[in-house]
Every structure is written in structure tokens, then in C-alpha cells.
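Shown next, in C-alpha cells, is the structure this report addresses.
The values are calculated or read from the model by the stated rules, or taken from the named source; none is laboratory data. Keep in mind it's a predicted model, so treat the numbers as computed, not measured. Here the Cβ positions follow ideal geometry from the backbone for every residue, glycine too, while neighbour counts run over all protein chains shown. Note: areas computed on protein heavy atoms with side chains; ligands, DNA, RNA excluded. Shrake-Rupley method; radii C 1.70, N 1.55, O 1.52, S 1.80 Å.
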Amino acid sequence: MIVKIVVILKFYFTIYQKLIFNNSIMKQSKTLLKAFISLLLLFNVRQDAGSCGWSEPDYDMRKFFASELSNKPLFEPFYFSFSRLYSDKWYDDINLSKDDNLNDWVAYCNNKVAKKDIDELLYMSDALENTTNLATTKYANNAMYVYLMKNKDKSALEYLYFMKKCSFLASNVDEWDEKRSEKQTKINVERVKLLAEGEKLYKSAKNNVIKLRLGYQLVRLAHYNKEYQQTIKLYDKYVEPVFSENQVAYWAMGHKAGAIYSLGQDRGLAGYLFSRMFEKSPAKRVNAYYSFKIYDDKDWARAMELCKNNKEKATLYFIRSINPHSVNLEELKSIYALDNQSDYLDVLLVRELNKLEQSQDELVRIQLSADDEEKRKVKQIKRKNIADLKAFLEKIIPENKLKNPALFTLGLGYCDYMLGNNAGARKSFANIPNNVKTNEVKMQMTIFELMMQLSELQKVGETEENKLLNEVNNTKSLALKEMLRETFEELYKKQNNKAQEYLSNNDTYDLQRVLPTLVVAEDLINFS
């Protein structure tokens, strides 16, 4: 900090010396007063300057096309990002899985038991593990327990006790634990005992819903014990015969798929099973994506052969497309041909637009090093990809088969903008009917219009600056704010407005780290 103070004092002393030689007492006093006030600000308050004191955004902040426009919140982890996931919302977490599970139990109880009562018994009670007679506990009046007792549903009660014991053995010992081997062996032995107990319960159960849940617990226990052959056999024996469209069934399917991969067996089959879990179980979607491993055409063909309908094939294409550096137009075309009403289309279109809108410099930055020729090639490839996507959108939009035509029309207009055709972009936006212009669509159109205005701006002064700044701030778009800053900086540079150019990329706080030249400093003082 002391070094900074010395440097800044020297900076202001240089200004003072120059002013002495100018022989203007009034000018010296006025300017030194401003310099002194600015110096105080440097050590006390961050002073945002003019229109554009924003920090450099990361890749995702440079998105102009809102990822959320696809309106598919359960796919949020797979919105475009150069990171592995768009956000930290992992949808295989306990909350979504829990909610699915509670809903299934509400249906099992014929909607006569509230979700909160089921939650209390399944997730808040340790009594299920410690006793086989809830009548002796504080949960004797729980609505779910009362319902099961009234209906003499012994199998369901026995399952609940068994499930709770399994849940306590659902994780392995920390690998850094000094007694890990001893503790893990004990857990494995307990799991084997539970496997035997679960098989007996399965055989005595009369209800297929309970049988399915017991089958899932058995498959899970074997998988956690790394008994992969047994995992597959238990799935085929206990889950497959009672399989139904239920979250639990797809959770069990994921364990079988993981066991197949671990054995190095039929990777096409394993990939197909994970794709089924991906489609049917939002709670396990991220897990299915990370577990999906198909690397060659043979395994891909095998997975496609196993698909029973076009929707299943579309899911395989979508999972394959989730890669930040892949070109997804072929997947878009394939999914559209298979199912033009698919939700995957909306997510994938916005992903592709978010990827294509990244600037040339950002794309090159990812490569770590690139010369001018590499940059030219990147730009050329990018323009071709945008043009190819535009051609595809021009073909399918008039067919009127899309579920969300407004989104695709926005995409078409944005392609024109990225290709430098603002007139074409405005024409596309004008074709969006008013009855489908949601608030989100209207905001996106506002952002695009401001982007076009900035790209067309030839000169900037205080009037234009204030007007555009207010309009951009109202959009709350960080990417648009950064574009505004860059545009003003470039125009002020062309206009030789050195103070405004400096303040477009810095503020008074930045004087501590980015000292302006003496000429710029004088302009800053005069501008203030």
C-alpha cells in the first residue's frame, strides 16, 4: 500500500511541476484541489466513473441470448457453458429425488395422505430403523402409518423398515479414514445380510409397487458392494418383471448400466440404459450424463438399435450433443427429423446460439495460443457455422411444426445479427406474433435492438451516452453492459476524447493500478 501511495504522490507531483511552468495560479489552485480530492477518493471510496466501470466478464457473462429462454428449468445444468455444467444446481440431489419419491408414495396411498406426513415418516424418523412397531413411538399417529395399518398393508410397512436400514449403508467409508478397511468390511457384511433379508421380503410381498422398491434396494446394495455380476442378475430377476414407469425403476436401471460399464461388457447397452434414465428421471439426469460413455460408432449403433421409438433416439442425440466444443447442427437436424416437438430442440438451439455468439477473441483465448492465421480460421469457421444454422432455421420455421416457433425466429434474427445483417435481424423479429411475445421474449428483443444500435453507432457524446446507459441498465444484461463499455471506449478513442476513453475502461479506483499518461491525466482533470 505504501508503494502505491508513493507512486500516486509522484504522479500528482508531476502534474504540479507542469502546472508551475504554466504560470497560471488560478489553474494551479483549481487543478490541485481536484487532484487532492481525487487522491482522497482513491484511499476511501470506489468512485464509479461515467458510463462504464465494469469488470471483465467470464465466458458465460458474455451471453446475449438468454439461456433461460428455452424455458426448460429441469435441463438447466445443460444450458451452454464452457464449464462442465451451466450452474451448481445438480438435479440428482436429494431434494428433487426426495420430491419424486414423496409424490410416488402419495399416489400409493391413493392421495389420502399429505406429503408432509409421508416426509415425516420416511425422512425425519429414525424409528423406522430402530423398531418394527411404530405404535410404540411418537409416530403412532402419523397419517401414513395409520393409513397403512388401516389397510393392513404389512408389505409396505416391512419395506419401510427395510428401506431405512439400507439407507444407513448407502455410502462407503471415507478413503482417508485410518480404519477404512476394517469399517468397510463390516459395512459390506451388513449389506450381504440385508440382501438375504430383502430377497425374503420380495418373495412374500403381494404388491408389485413394493416388489419394485425392494428390487431397487437389492440392486443398489449389490452395486455398492461392487458385486457387478450380482447387480445385473438382481435387476433382471427382481426389477425387470415388475418394471413400471416409476422413478425407482429408472434409478435401478442406472445401477445396472453402471455395473455393465464396470465389467467392460456391452457399452452400447449401458449407454442406452443411461439414456433412458436421463429422459425419465430428472433427479438423476446429471448422473446419467456423466455416466454415459459411448466413444465409437459400433457402440453408438448398438445403442440406437435398442431404441424402441424416435423419442428414445432423440435422447441419445441430445446427450451426445452436450459438449461445449462440438458443433450441434447435425444433432439439431437429427432430433428435428425424429421428433419436431421435442423439448431437446429448444435447449439445443439456445446452447448452439450461446456458443456461436462468443467473440473471436474469446474463442481464441480458449486455445491458449493462436497466431493471426489461426484467428482468421476461427473467425471463418464461426461464420460458416452461423450461416449453416441460419439456413437450417430458414428451412424449418416455415414448416410450422415447432412447439416454440418464437424462440426459433429469435434465433434466426440473431444469426443475421452475428453475420452483420441488422436489417435481416429486424425483419425476423418483426415476424414474431404479438400473442407469443412473453415478457422474456420482449426483453430479449429489447437487448437485440440495443445491440444493433450500438453496432451502428458512429459517434458518442453525453446525450447518447446517458440515453443508452439507462436503456442498457434497464435490461440488467451484463453482456450488454460490457458491449456498451467496449463500444464507447472505441468511439471515444476515434474521437480523441482521452479522458472518456480512459474512464470507459477504468475508474478513479483504478488509478492505483493503471496510471494514465500525463496527457490523459490532464484530460481527466479537465473532464472532472
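Just to verify a number: what accessible area does residue 382 come out at with the full protein assembly present, 1.4 Å probe, Å² rounded to tens?
Only protein atoms counted, so the area is about 40 Å².
Averaged across orientations, what area in nm² does the convex hull of the alpha carbons in segment 369-493 project? Don't skip to the end; give the middle numbers.
Numbers: hull surface 38.6 nm².
Its average projected convex-hull area is 9.6 nm².
Using the Cα gyration tensor of segment 273-324, with a ≥ b ≥ c the square roots of its eigenvalues, what is the shape: rounded (a/c below 1.5), prolate (a/b larger than b/c) or oblate (neither)?
Details: a/c = 1.74, a/b = 1.21, b/c = 1.43.
Note, shape of segment 273-324 comes out oblate.
Relative to the Cα centre, what is the charge dipole magnitude of segment 253-400, using +1 at the beta carbon of each Lys and Arg, -1 at the beta carbon of each Asp and Glu, and rounding to the nearest 20 debye? Before the final figure, lay out each step's value.
On the way: 26 positive and 23 negative charges, 70 e Å.
The dipole magnitude comes to about 340 debye.
When the Cα centres of segment 195-272 and segment 412-426 are compared, how far apart do they sit, in Å?
Rounded to whole Å, the Cα centres lie 52 Å apart.
Just how far, in whole angstrom, is segment 318-360 from segment 296-314 if you go by their alpha carbon centroids?
18
In whole Hz, what ³J(HN,Hα) sequence does segment 243-260 give by Karplus (6.51, -1.76, 1.60; θ = phi - 60°), x for Gly and Pro?
Those phi angles translate into 4, 8, 6, 9, 3, 4, 4, 6, 5, 5, 4, x, 5, 5, 4, x, 5, 4 Hz.
With a/c under 1.5 counting as rounded, go ahead and sort segment 266-354 into rounded, prolate or oblate using the C-alpha gyration tensor (a ≥ b ≥ c being the square roots of the eigenvalues; past the cut-off, prolate if a/b is larger than b/c, else oblate).
Working: a/c = 1.41, a/b = 1.35, b/c = 1.04.
Note, shape of segment 266-354 comes out rounded.
In nm, give the distance between the simple-model label positions of residue 137 and residue 98, each being 7 Å from the Cα along the Cα-to-Cβ direction.
Taking the two extended label points, one gets 1.7 nm.
Given the pairs 237/280; 256/284; 150/211; 165/200, which are separated by over 18 angstrom at their Cα positions? Display every interim value, and only then the final one.
Values: 237/280 22 Å; 256/284 14 Å; 150/211 21 Å; 165/200 15 Å.
Pairs exceeding the cut-off: 237/280; 150/211.
Mind listing which GluC sites (Glu not before Pro) in segment 240-307 are in a DSSP loop and have 13 or fewer other Cβ atoms within 10 Å?
For GluC sites (Glu not before Pro) across segment 240-307 that sit outside H, G, I, E and B with at most 13 neighbouring Cβ atoms in 10 Å, the list reads 245.
Applying the Karplus parametrisation 6.51 cos²θ - 1.76 cosθ + 1.60 with θ = phi - 60° to the phi angles of segment 187-203, what ³J(HN,Hα) value in whole Hz is obtained for each residue in order, glycine and proline being reported as x?
Coupling constants for segment 187-203: 5, 4, 5, 5, 5, 4, 4, 5, 4, 5, 5, x, 5, 5, 5, 4, 5 Hz.
Distance between the C-alpha centers of segment 456-492 and segment 114-163? Whole Å please.
After rounding, the separation between the Cα centres reads 62 Å.
Starting from the Cα of residue 333, draw a straight line to each of the lysines and keep only those under 18 Å, dropping any in the same chain fewer than 8 residues away.
Reachable lysines: 311, 313, 355, 384, 390, 395, 401, 403.
Two decimals, Cα atoms only, Kirkwood Rh: what is Rg/Rh over segment 419-465?
Working: Rg = 12.8 Å, Rh = 12.1 Å.
Across segment 419-465, the Cα-based Rg/Rh ratio is 1.06.
Pull out the extension gain between residue 168 and residue 185, defined as 0.36 nm times the separation in residues minus the alpha carbon to alpha carbon distance; nm, one decimal. Walk me through the intermediate numbers first.
Numbers: separation 17, 0.36 × 17 = 6.12 nm, distance 1.50 nm.
Difference between extended and current length: 4.6 nm.
With a/c under 1.5 counting as rounded, go ahead and sort segment 145-287 into rounded, prolate or oblate using the C-alpha gyration tensor (a ≥ b ≥ c being the square roots of the eigenvalues; past the cut-off, prolate if a/b is larger than b/c, else oblate).
Since a/c reaches 1.5 but b/c is at least a/b, the shape of segment 145-287 is classed as oblate.
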